[in-house]
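What follows is a set of notes on a single structure, which appears directly below.
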Amino acid sequence: MARIIVVTSGKGGVGKTTTSAAISMGLAKKGHKTVVIDFDVGLRNLDLIMGCERRVVYDIINVINGEAALNQALIKDKNCNLLSILPASQTRNKDALTLEGVEKILEELAKEFKYIVCDSPAGIETGAHLAMYFADDAFVVTNPEVSSVRDSDRMLGLLASKSRRAERGEEPIKEYLLLSRYSPERVRSGEMLSLSDVQDILSLHLLGVIPESKSVLTSSNAGTPVILDEKSDAGQAYADIVARYLGENRPQRFIDDKNGFFRKLFGGK
Amino acid sequence: MSLLDYFRASKTSSASLAKERLQILVAYERSSDSQPAYLPELQKELLMVIQKYVNVNKDAMTINLEQTGNRETLELNIVLPDPHRV
């Protein structure tokens, strides 16, 4: 049985595509056949982050319109043969996506793949709605920042009311928090909302904290998901997240800041 | 408490301000999200009917829909003006 994961946030720029790329690669690296779908029609970027932008021939809209078969549009990842990418269309607008079209694609993909990762666009319009509508699990990517937390809360409301599971009265979508761009130093100095502040408001199951990291930019520059940079803190954070999602018990990291020497000196704990 | 904490405590932390603002806002938005869409319109029309008979202003009325189990309660609260002053 395939599992559909939506990576969502409401707000833009918090790390949805970075997360989609990283976790889909992580799941595939763990031996699960995975496909990642870009729902951001008109502003596709997943192809760039995955480094397959020059291999895009057909896209999701072509498949919906019957201009290409699904397996013609799927791109095999160059780093992992268990991972495929379904790109968004760059030329059409978001209304080209239809509920029936998306449902048909997901049904077909579910026969072949174990995990289907849906990279949602920002906002709450058609693309975002369809990305989350069929989901089983939701990865809510949030930055420790007021507008992001507010938008995440709004998305949680929509996940609970405007999804297929909600409309059918089935078991609700499982919601997980991924707190990204976290800076323990700034939390400690009182400049940034802490993990527990965010949890007091959203009260979600924490899948992991992704620290603010230079490697996210350098990985996107190169078109390789940051999870492949195994030495980087962000890469390790995503590896933990994938492992926890798959049921492994890994202690949370990247919540406290590193310079323990000075903190010990001044009595921090 | 360390020496650093002493200096830190002296200025109001902007994170705690952010949290406080968020908590108020999110609580308000959650409650208005759970209300049915017709409620504001219903409130407006009810007010118009009441105003035909009693001189009340807009702020004198609150409307609230509560759900407990299977039962929904529509609560309407109108503060009538003091009769001696009219």
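What the table shows:
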{"item": "Residues of the stretch A:106-156 satisfying the condition of being surrounded by 21 or more Cβ atoms within 10 Å (Cβ to Cβ) and of a type in the set (D, E)", "result": "A:D119, A:D151, A:D153"}
{"item": "Search result, residues across the stretch A:58-114 that are in contact with a Lys or Arg (Cβ under 7 Å, 6 or more places away or on another chain), closer than 19 Å to A:A2 by Cβ and in a loop (DSSP other than H, G, I, E, B)", "result": "A:C80, A:L82, A:F113, A:K114"}
{"item": "Number of the exception - A:R150 against (1) charged (D, E, K, R); (2) more than 11 Å from every other protein chain (Cβ to nearest Cβ); (3) more than 26 Å from A:A243 (Cα to Cα)", "result": "(2)"}
{"item": "A:G260 vs. criteria within 14 Å of chain B (Cβ to nearest Cβ), modelled with pLDDT under 95 and on the phi > 0 side of the Ramachandran plot", "result": "no"}
{"item": "Hits in the stretch B:18-51 (condition: closer than 19 Å to B:L65 by Cα and within 14 Å of chain A (Cβ to nearest Cβ))", "result": "B:V26, B:A27, B:Y28, B:E29, B:R30, B:S31, B:S32, B:D33, B:S34, B:Q35, B:P36, B:A37"}
{"item": "Of all residues making up the stretch B:35-75, the number that are in a strand (DSSP E or B), within 26 Å of A:S161 (Cβ to Cβ) and among the hydrophobic types (A, V, I, L, M, F, W, C)", "result": "3"}
{"item": "The listed residue being crowded, with 24+ Cβ neighbours inside 10 Å, of a type in the set (G, A, S) and more than 15 Å from A:I85 (Cβ to Cβ), out of A:G10, A:G26", "result": "A:G10"}
{"item": "Matching residues, the stretch B:1-43, being basic (K, R), modelled with pLDDT under 90 and loosely packed, with under 13 Cβ neighbours inside 10 Å", "result": "B:K11"}
{"item": "Boolean, A:A96 is without any contact (Cβ under 8 Å) to a residue 12 or more places away in the chain, touching a helix residue (DSSP H, G or I) at 6+ places or on another chain (Cβ under 6 Å), more than 14 Å from chain B (Cβ to nearest Cβ) and more than 26 Å from A:L178 (Cα to Cα)", "result": "no"}
{"item": "Tally, over the stretch A:130-153, of residues that are more than 17 Å from the chain's Cα centre (by Cα) and over 22 Å from A:P211 (Cβ atoms)", "result": "1"}
{"item": "Residues within the stretch A:173-197 that are crowded, with 17+ Cβ neighbours inside 10 Å, within 14 Å of chain B (Cβ to nearest Cβ) and acidic (D, E), tallied", "result": "1"}
{"item": "Single unsatisfied condition, A:A160 versus (1) touching a residue at least 24 places away in the same chain (Cβ under 8 Å); (2) touching a helix residue (DSSP H, G or I) at 6+ places or on another chain (Cβ under 7 Å)", "result": "(1)"}
{"item": "Matching residues, the stretch A:138-162, being of a type in the set (G, A, S) and either in contact with a His (Cβ under 9 Å, 6 or more places away or on another chain) or modelled with pLDDT of 95 or more (or both)", "result": "A:A138, A:S147, A:S148, A:S152"}
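The values are calculated or read from the model by the stated rules, or taken from the named source; none is laboratory data. Keep in mind the model is a prediction, meaning the values are calculated, not measured. We place every Cβ from the backbone using ideal geometry, glycine too, and count neighbours over all the protein chains shown.
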